[in-house]
Amino acid sequence: MQYDVIVIGAGQAGPGMASGFAGEGKRVALIEGDKLGGTCLNYGCRPTKALRASAHVAHMARRASEYGIETGHIRVDLAAVMARKNDIIGRVQKSFEDYMTDVDGVDIYWSYGRFVGKNGDRFQVEAGDATLEAPLVYLNTGTRPFVPPVDGIESVPYLTNESVLGLTILPEHLIIIGGSYVGLEFGHMFRRFGSRVSIIEAGERIASREDDDISSAITEILEEEDITIYTQFAAQHVQPTDTGGVRVTIESTDNQAPRILEGSHLLIASGRRPNTDNLNLESIGLQTDDRGYIHTDDHYATDVPGIWALGDINRRGAFTHTSYQDYEIAWDNHTGGDRSADERIMAYALFTDPPLGRVGMNEREARESGRNVLMATYDMADVTRARLDSETKGKIKLLVDADTEEFLGAAFLGMHGDDLVQIISNFMHTGASYKLVRDALPIHPTVAEFLPTILKGLKPLE
């Protein structure tokens, strides 16, 4: 089967590239072995945010008396929660699939693709029983859960971020291996659903990418809701219990005594691994790094001409928004533009409740940059709108280059933090002086109105 372009993987970048080339009159093969939309639509961002919304409602219902509202006993029906999520996501999945299957010029192959070599200047790709050829191939195969080599792990029916979405009976005690973003988000949700939750983190603190004070504030938020966090502990052995649960032996990385945890369910949230190992890249001479990621230039071209790598596998971001922007940049380059991936200012969110919104440098990185840095912090407890809404947990941190007056980074841990951070993110792309934000007219009463106040408190890093 001869094509102009082959796209392997239909995450957040692949479908856009496929439909774009089809719009130019090209014949395109789109290969997908699971579901269109990738992790985000099917197992990640969107279904988990639907669950988070239900967890938030349960939490607010329990807090209703704080607002002068009387309620009865709050019980979470996990099957109904999951049914709501499935209905929302199912409709989006169907709409997306209907759209892609109707794109003229795109043939969808429901299979996993793998290279089998070259025929002249055309790459050969197997998709099920079909062999396809094209001179251009875009890879958007994403990542999957990494399961650590813990002794006995295969003896228990552990959960991942994918399989946990199929639960309909509430775990009595959910044990989570991994104290980063996925583990913290699921831990917070299931605690609010009514499960006991224990989180095991081998590092010194959870959310270790963040500054110490932000990590500590996240820890405080979770522990106030009776989530047990074991930092500097690593899972060493896992075995089933006689009651159908799981027993996890954890050993200390800082000389604490070993402990044994027993729970009803075990969730593995210890990272991701790229889906490149089954692509047979060696058949076309394309190498990966020692973790399976593919090197690209700032236009996503790999070391093999004619092959591009988009999304999580290029190690330029592991988020839905970075993958989608990969498509935008790649398409801009294809159509004669000059956008570069190197110009990206990284922004992301941790969707605990309240969320953390982050952009640019953190304080540690700013200190290591050698720049003349100004910093200001502000507690959410001192923000009027937060007090009015009784949502006073968290803090705001802003970093500025004293010489250029440009923002270097920001952290918003607190109500609306995932949206608020984008004020700074968008502004950073202008390269303009922070003083324009400091002197702008804010709306009262909002959280954002405190940005001028916070910026007036900028001080040199000590």
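Nothing in this text is a laboratory measurement; each read-out follows from the coordinates by a stated rule. Here the structure is a predicted model, which means the values were calculated and not measured. As a convention, Cβ positions derive from the backbone with ideal geometry for all residues, glycine included, and neighbour counts pool all protein chains shown.
Here the chain is described by how far its Cα atoms reach on the three principal axes: 69, 64, 46 Å, from widest to narrowest. Counting Lys and Arg as +1 and Asp and Glu as -1 over every other residue whose Cβ lies under 14 Å from the Cβ of GLY194, the net charge comes to +1. The separation of the range 213-291 from the range 402-462, counted between C-alpha centres, amounts to 35 Å.
For the chain, what is the mean residue ellipticity at 222 nm derived from helices alone (per DSSP H run of n ≥ 4: -39500 (n - 2.57); sum divided by total residues; nearest 500 deg cm²/dmol)? Can you show the working numbers first?
Working: 12 runs with 131 residues, N = 462.
Taking each H run of at least 4 residues, the total per residue is -8500 deg cm²/dmol.
Between GLU154 and THR404, the simple spin-label model (points 7 angstrom out along Cα→Cβ) gives 5.1 nm.
By DSSP, what percent of the beta bridges with both residues in the chain are antiparallel, rounded to the nearest 5?
Numbers: 51 of 82 bridges.
Restricted to the chain, the bridges split so that about 60 percent are antiparallel.
Maximal additional length on extending the ARG438-ALA61 stretch stands at 132.0 nm, based on 0.36 nm per residue less the C-alpha distance.
Can you work out the FRET efficiency for the pair GLU368 and PHE146, with r the C-beta to C-beta distance and R0 = 25 Å, to the nearest 0.05?
Values: r = 28 Å, r/R0 = 1.11.
Working from the Cβ atoms, E equals 0.35.
For the pair the range 43-103 / the range 164-185, the C-alpha centres are spaced 16 Å from each other. In straight-distance terms, cross-link reach from LYS26 covers every one of the lysines whose alpha-carbon lies under 22 Å from its own, apart from those fewer than eight places away in the same chain; here that gives LYS118. Pairs from the table (LYS49/LYS85; LYS35/LYS94; LYS49/LYS397; LYS397/LYS456; LYS395/LYS435) lying more than 18 angstrom apart at Cα are LYS49/LYS397; LYS395/LYS435.
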